[in-house]
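Colleague: I'd like to ask you about the structure that follows.
The values are calculated or read from the model by the stated rules, or taken from the named source; none is laboratory data. Predicted model, so just to flag it, every value in this text is computed and none were measured. No Cβ is skipped: glycine too gets one built from the backbone with ideal geometry, and neighbour counts run over all protein chains shown. Just so you know, the surface numbers come from the protein's heavy atoms only, side chains and all, with ligands and any DNA or RNA stripped out. Shrake-Rupley method; radii C 1.70, N 1.55, O 1.52, S 1.80 Å.
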Amino acid sequence: MTAFAQAPTSEQIAEYTAAAERGEARAQFNLGSMYENGEGVPEDDATAVKWYTKAAEQGNANAQSNLGLMYDHGQGVPEDDATAVKWYRKAAEQGDANAQSNLGLMYNHGDGVPEDDVTAYMWFNLAAAQENESAETLKGVVQLRMTPADISKAQKLSRECLAKDYKDCG
């Protein structure tokens, strides 16, 4: 997710930096995105992680999801699947469909969590319900390995998770 349709001006960068340094989570997220993508500043994944972390710790779901990706792919930090799962889960519990899909992938492959097709399907299903196209595709792939009983269980878990507003879903 990028923050800007076009590169920000030096004035905008100064404004975001001042706001981020004051602790404004949205500005911290925007700075993280700018550094991750080289938008108006030199591309610098370590600095992106710094700003994403500050915003993520304040509960910004976009920053949490992006921080999960940084740990998942080892961008600006050593690759760490367990930490990626932690940040994906925080964003997924706020309803972030990209994080839900990425969390499903972690369960699908057993990266940072035990491999679990039922839980992977549940997260893919929740993301797909929000029109996340890759999650819809991935749900179909994992479904090929599942029994009808497992699919039914995963669908039940999806309904329960939705009813709990995505909290404590596995």
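Colleague: Contact list please: Cβ distance under 6 Å, first residue in the stretch 96-110 and under 19 Å from residue 144 (Cβ atoms), second residue in a helix (DSSP H, G or I) and open to solvent by 20 Å² or more (accessible area, probe 1.4 Å), pairs at least six apart or on different chains.
Modeller: Once the first residue is under 19 Å from residue 144 (Cβ atoms) and sits in the stretch 96-110, its partners that are in a helix (DSSP H, G or I) and open to solvent by 20 Å² or more (accessible area, probe 1.4 Å) give 101/134.
Colleague: State the number of residues belonging to the stretch 1-39 that are part of a loop (DSSP other than H, G, I, E, B) and either surrounded by fewer than 18 Cβ atoms within 10 Å (Cβ to Cβ) or of a type in the set (Asp, Glu) (or both).
Modeller: 12
Colleague: Looking at the stretch 49-69, can you tell me whether even one residue there is closer than 25 Å to residue 141 by Cα, without any contact (Cβ under 8 Å) to a residue 40 or more places away in the chain, out of contact with any strand residue (DSSP E or B) (no Cβ under 6 Å at 6 or more places or on another chain) and open to solvent by 10 Å² or more (accessible area, probe 1.4 Å)?
Modeller: The answer is yes; a qualifying residue exists.
Colleague: Can you tell me how many residues in the stretch 120-170 are under 16 Å from the mean Cα position of the chain (by Cα) and among the polar types (S, T, N, Q)?
Modeller: Summing the residues that are under 16 Å from the mean Cα position of the chain (by Cα) and among the polar types (S, T, N, Q) in the stretch 120-170 gives 4.
Colleague: Provide a single number: the residues in the stretch 2-29 that are modelled with pLDDT under 95 and not small (Gly, Ala, Ser).
Modeller: 10
Colleague: Consider residue 145 against the criteria (1) over 26 Å from residue 70 (Cβ atoms); (2) surrounded by fewer than 15 Cβ atoms within 10 Å (Cβ to Cβ); (3) free of Cβ contacts under 8 Å to residues at least 24 places away in the same chain; (4) of a type outside the set (Gly, Ala, Ser): it satisfies all of them except one. Which criterion is unmet?
Modeller: In the conditions (1) over 26 Å from residue 70 (Cβ atoms); (2) surrounded by fewer than 15 Cβ atoms within 10 Å (Cβ to Cβ); (3) free of Cβ contacts under 8 Å to residues at least 24 places away in the same chain; (4) of a type outside the set (Gly, Ala, Ser), residue 145 misses (3) alone.
Colleague: Can you pull out the residues in the stretch 1-57 that are among the aromatic types (Phe, Trp, Tyr), over 17 Å from residue 91 (Cα atoms) and in contact with a Leu (Cβ under 7 Å, 6 or more places away or on another chain)?
Modeller: If the condition is that a residue be among the aromatic types (Phe, Trp, Tyr), over 17 Å from residue 91 (Cα atoms) and in contact with a Leu (Cβ under 7 Å, 6 or more places away or on another chain), then 16 is the only one that fits.
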